[in-house]
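The values are calculated or read from the model by the stated rules, or taken from the named source; none is laboratory data. Quantities reported herein were computed from a predicted structural model and do not represent experimental measurements. All Cβ positions, glycine included, derive from the backbone under ideal geometry; neighbour counts span all protein chains shown.
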Amino acid sequence: MAKLWGGRFAKGTDVLVEEFTSSVGFDQRMYREDITGSIAHARMLGQCGIIDKAEADTIIKGLESILADIEAGKFSFEVALEDVHMNVEKRLTDRIGAVGGKLHTGRSRNDQVALDTHMYLKGAIRDIAELLHDLQLALVETAEKYGDVMMPGYTHLQRAQPILFAHHMLAYFSMLARDFRRLEGVWQGTDMMPLGAGALAGTTYPIDRHQVARELKFDALYENSLDAVSDRDYILEFLSFASILMMHLSRISEEIILWSSAEFAFIELDDGHCTGSSIMPQKKNPDVAELVRGKTGRVYGHLMSLLTVTKGLPLAYNKDMQEDKEGMFDTIDTLKFSLKVYASMLRGMKVNKQVMERAVSQDFSNATDMADYLVKKGLPFRQAHEVAGKAVAHCIIEKKWLMDLSLAEFQSFHPLFEADIMNAIQPETCVNARKSYGGTSSASRERQLTVARETLEEQEALLDVYTESAI
């Protein structure tokens with residue numbers, strides 16, 4: 001098959017090279033963006049007098065018919081035509097004749113593919129932002145549903161201090177809120193139009209890039225044509241955002257996997273979000289959490305891959321840049337699936353309140369509060385810390401918990417202990433005493449929930465912007 005660029009070649013492309021260099025197997029998913037961009041470009045060419053308006057109308061109608069064919073499943077992409085752009089242009093020329101060849105006036109595949117990728121990623125950001133917002137909402141709903149449940153807080157995976165389960169859920173809300181904020185930055189870098197940069201140096205035709213940007217709902221234009229066709233920062237920023245988001249999902253996955261085990265039994269996942277074993281009838285495996293944890297690695301890999309691809313590239317376009325899309329597409333798909341299934345899993349999760357609260361009454365996570373009690377009685381903290389440590393050591397030998405000690409035993413460690421020590425080290429007291437800003441008390445929980453709801457409202461305004469500005 002003759003190439004649309006084949007004028008200077010005396011020999012056809014080797015079949016193996018043709019297959020190796022073709023990108024249509026994966027970039028065909030940008031067909032809508034490619035055709036939409038071409039329609040805007042054709043309309044601008046006609047209005048600027050670069051081609052006749054009648055020719056522009058013919059081209060636009062031809063492109064619209066091709067779009068309809070693709071969406072009806074009546075279009076076959078051909079590897080010999082290399083990419084989605086050449087497939088569409090060849091079909092256009094076959095359909096409307098030589099006038100179809102005027103579509104490519106004033107542009108190159110270099111700025112065309114950059115445009116398609118910007119448009120596609122804008123749409124993906126809109127979808128991912130909606131799903132991320134819904135997952136944050138699921139965390140808030142879970143925190144509200146189990147607002148008064150206490151659980152052990154951990155450091156080094158060792159019980160540390162009692163906290164509210166809601167406090168734990170809202171910690172992940174805060175992480176995802178930062179992810180949403182990072183996604184705003186990704187949007188800003190993606191919401192720039194490269195079309196009109198040509199192959200690298202601009203074009204001699206009197207094009208109107210601003211007109212095309214308005215039609216395609218871009219807020220900004222690239223100022224430099226070399227930068228426009230060689231920039232992949234916006235994809236790297238997206239992959240960086242995605243990697244941090246997946247890291248956060250992997251962290252909560254690890255906890256859900258632990259909590260749903262018989263050793264913890266803090267939660268029970270809905271049957272619909274688990275699988276069984278082909279040999280062990282009793283098994284209920286937390287596959288969703290495990291897969292999200294596992295898929296985090298592939299997202300990291302896509303980020304490192306593109307960083308490596310771009311690190312040594314001279315300006316402007318190089319064929320290496322074809323490697324930017326598969327990792328981006330896979331990351332988009334991975335994020336969408338992970339976010340959607342995770343929100344559903346959280347909403348179906350049951351918290352075992354009695355198990356969690358039994359855990360905080362049968363450990364030494366109230367030892368800090370024992371020390372704080374002495375500090376409030378006037379003892380320096382380091383001395384109070386030592387007293388509490390000795391009491392814990394005594395309990396371990398005697399196989400007791402701190403709340404099992406008698407007042408006489410407490411006073412044997414220090415005379416400042418009085419009868420009110422028993423209330424001071426109750427888990428409920430320990431939790432609600434932490435009223436400092438951002439702490440785990442019930443009052444703090446209510447403030448955090450209020451802030452979370454306000455954050456969600458602010459995000460909804462941005463979701464409207466993304467929806468209006470994405471094609």
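Within segment 437-471, the set of residues being touching a Leu at 6+ places or on another chain (Cβ under 9 Å) and not in a helix (DSSP H, G or I) comprises 440, 441, 471.
The residue of segment 73-89 that is surrounded by the most Cβ atoms within 10 Å (Cβ to Cβ), among those that are more than 33 Å from the chain's Cα centre (by Cα) and outside any loop (DSSP other than H, G, I, E, B), is 89. Residue 194 meets all of the listed conditions (1) surrounded by fewer than 23 Cβ atoms within 10 Å (Cβ to Cβ); (2) more than 23 Å from residue 342 (Cα to Cα) but one, namely (1).
Would you point out which residue out of 70, 66, 39, 51 is surrounded by 19 or more Cβ atoms within 10 Å (Cβ to Cβ), in a loop (DSSP other than H, G, I, E, B), of a type in the set (A, V, I, L, M, F, W, C) and without any contact (Cβ under 8 Å) to a residue 60 or more places away in the chain? Answer to the check: 51.
A search for C-beta distances below 6 Å between a residue of segment 225-239 that is farther than 20 Å from residue 201 by Cβ and not assigned by TED's automatic domain parsing to the domain that holds residue 122 and any residue that is among the β-branched types (Val, Ile, Thr) and surrounded by fewer than 23 Cβ atoms within 10 Å (Cβ to Cβ), counting only pairs 6+ apart in sequence or on different chains, returns nothing.
Picking from residues in segment 333-356 that are hydrophobic (A, V, I, L, M, F, W, C) and farther than 19 Å from residue 148 by Cβ, the one that is surrounded by the fewest Cβ atoms within 10 Å (Cβ to Cβ) is 337.
Can you say whether residue 375 is assigned by TED's automatic domain parsing to the domain that holds residue 259, part of a helix (DSSP H, G or I) and free of Cβ contacts under 8 Å to residues at least 24 places away in the same chain, as far as the supplied structure shows? No; evaluated as a whole, the condition is false for this residue. For segment 218-232, a residue qualifies if it is surrounded by fewer than 19 Cβ atoms within 10 Å (Cβ to Cβ) and either farther than 30 Å from residue 319 by Cβ or out of contact with any helix residue (DSSP H, G or I) (no Cβ under 6 Å at 6 or more places or on another chain) (or both), and the qualifying residues are 219, 220, 223, 224, 226, 227. Taking every residue in segment 317-334 that is in contact (Cβ under 8 Å) with a residue 60 or more places away in the chain and pairing it with any residue that is among the acidic types (Asp, Glu) and buried (at least 21 other Cβ atoms within 10 Å of the Cβ), at least 6 positions away or on another chain, the pairs with Cβ-Cβ distances below 6 Å are 325/27. Listed by first and then second residue, the pairs linking a residue in segment 273-297 that is assigned by TED's automatic domain parsing to the domain that holds residue 251 and surrounded by 13 or more Cβ atoms within 10 Å (Cβ to Cβ) to a residue that is in a loop (DSSP other than H, G, I, E, B) and among the acidic types (Asp, Glu), with Cβ atoms under 7 Å apart and 6 or more places separating them unless they lie on different chains, form an empty list.
For segment 436-468, the set of residues classified as among the hydroxyl-bearing types (Ser, Thr, Tyr), farther than 17 Å from residue 165 by Cα and either buried (at least 17 other Cβ atoms within 10 Å of the Cβ) or touching a strand residue (DSSP E or B) at 6+ places or on another chain (Cβ under 6 Å) (or both) consists of 455, 466, listed by residue number. Does segment 214-251 hold any residues that are hydroxyl-bearing (Ser, Thr, Tyr), in a helix (DSSP H, G or I) and farther than 30 Å from residue 291 by Cα, and which are they? Correct list: 225, 230.
For residue 136, the conditions (1) of a type in the set (S, T, N, Q); (2) surrounded by fewer than 17 Cβ atoms within 10 Å (Cβ to Cβ); (3) under 26 Å from the mean Cα position of the chain (by Cα) are fulfilled apart from (2).
When 182, 214 are checked against the criterion of being touching a residue at least 40 places away in the same chain (Cβ under 8 Å) and of a type in the set (Lys, Arg), a single residue qualifies: 182.
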